[in-house]
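Reading through the structure tokens given below for one structure.
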Amino acid sequence: MARGGTGVSGRMKPVEKVRKSPRQSRSRDSVACILEAAARILEAKGEAGFTTNAVAQRAGVSIGTLYRYYPDKQAILLALAERETEAHRQAVIAVTAGEPSVARDRALIRAFVQAFARRDQARRIAMKAMLAEADHAELAARFSAAENGLKDAAGRPLSRVQAFVLARAVHGALRAAVLEGVDFLQSREFEDELVRLGRAYLGYRPVVVA
């Protein structure tokens, strides 16, 4: 049984994310095995089969070794989500390097949606756990790469306040869509509305987004 918390899907008390940072190669290998085992269990059995004992057994480590790095299964979920958000951050940086256009803005919104909406079960469960538990400011900071270099319709860089408001508006809509389990998260209409929201805030004239 996992220690601490009330379960994966229920609202939990604040959790300790990582007890010990892996510095040696052997420690990093153990952490990688634990996270990979967790992902495989979530993919095969979902939340019902996800326990720290099951993860330790699948990873080939003792339960004591697992608890050395992760105090409970929620911490493992958050670590999985953090691994995914870093990959997403790199994708966002690549998108924002392009010239401002409707196509670029759509690609940026699509990258944000895909960060939370990919269909593989393990990733979806981990990201939902992060959205439910993470401090909103901390979560938004992980995606702040998208804010750097943004300009309004006149070509002026956004101020910190403007970038904050725009980013939180998009993050808030995505967070609500994921946590409420809406059926239009990956729809073209939802994507269109987020593109319109962003471009309207930046001062572009309303157009039919393509």
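The set of residues in region 178-208 being touching a residue at least 60 places away in the same chain (Cβ under 8 Å) and closer than 14 Å to residue 113 by Cβ consists of 178, 185, 186, 190, 191, 194, 195, 198.
Can you spot a residue in region 61-77 that is closer than 24 Å to residue 132 by Cα, outside any loop (DSSP other than H, G, I, E, B) and at pLDDT below 90? No, the conditions are met nowhere in region 61-77. The set of residues from region 174-195 being of a type in the set (S, T, N, Q) and either assigned to a helix (DSSP H, G or I) or surrounded by fewer than 15 Cβ atoms within 10 Å (Cβ to Cβ) (or both) comprises just one member, 187. Selection of region 80-100 for residues being touching a Leu at 6+ places or on another chain (Cβ under 8 Å), surrounded by 20 or more Cβ atoms within 10 Å (Cβ to Cβ) and either among the hydroxyl-bearing types (Ser, Thr, Tyr) or within 15 Å of residue 124 (Cα to Cα) (or both) yields only 80.
Name the residue, out of 140, 169, that is under 19 Å from the mean Cα position of the chain (by Cα), at pLDDT 90 or above, small (Gly, Ala, Ser) and part of a helix (DSSP H, G or I). Spell out the reasoning first.
On the way: 140 fails: at pLDDT 90 or above.
One residue alone meets the criteria, 169.
In the set (1) assigned to a helix (DSSP H, G or I); (2) at pLDDT 90 or above, residue 154 fails one condition alone, (1). Going by the structure shown, is residue 86 part of a helix (DSSP H, G or I), over 22 Å from residue 193 (Cα atoms) and at pLDDT 70 or above? Here the answer is yes, as residue 86 does meet what is asked.
In the condition set (1) at pLDDT 90 or above; (2) β-branched (Val, Ile, Thr); (3) under 18 Å from the mean Cα position of the chain (by Cα), residue 178 is compliant with all but (1). Taken over region 122-135, the residue count meeting the criterion of being out of contact with any Lys or Arg (no Cβ under 8 Å at 6 or more places or on another chain) and either modelled with pLDDT under 80 or under 26 Å from residue 160 (Cα atoms) (or both) is 5.
Here residue 192 does not qualify as charged (D, E, K, R), modelled with pLDDT of 90 or more, within 30 Å of residue 75 (Cα to Cα) and out of contact with any helix residue (DSSP H, G or I) (no Cβ under 8 Å at 6 or more places or on another chain). For first residues located in region 101-130 and surrounded by fewer than 20 Cβ atoms within 10 Å (Cβ to Cβ), partners that are part of a helix (DSSP H, G or I) and charged (D, E, K, R) and lie 6+ apart or on another chain with Cβ distances below 6 Å form the pairs 121/43.
The values are calculated or read from the model by the stated rules, or taken from the named source; none is laboratory data. Bear in mind that the values here come from a model prediction, so they are computed numbers and not experimental data. Positions of Cβ are backbone-derived with ideal geometry, glycine not excepted, and every protein chain shown enters the neighbour counts.
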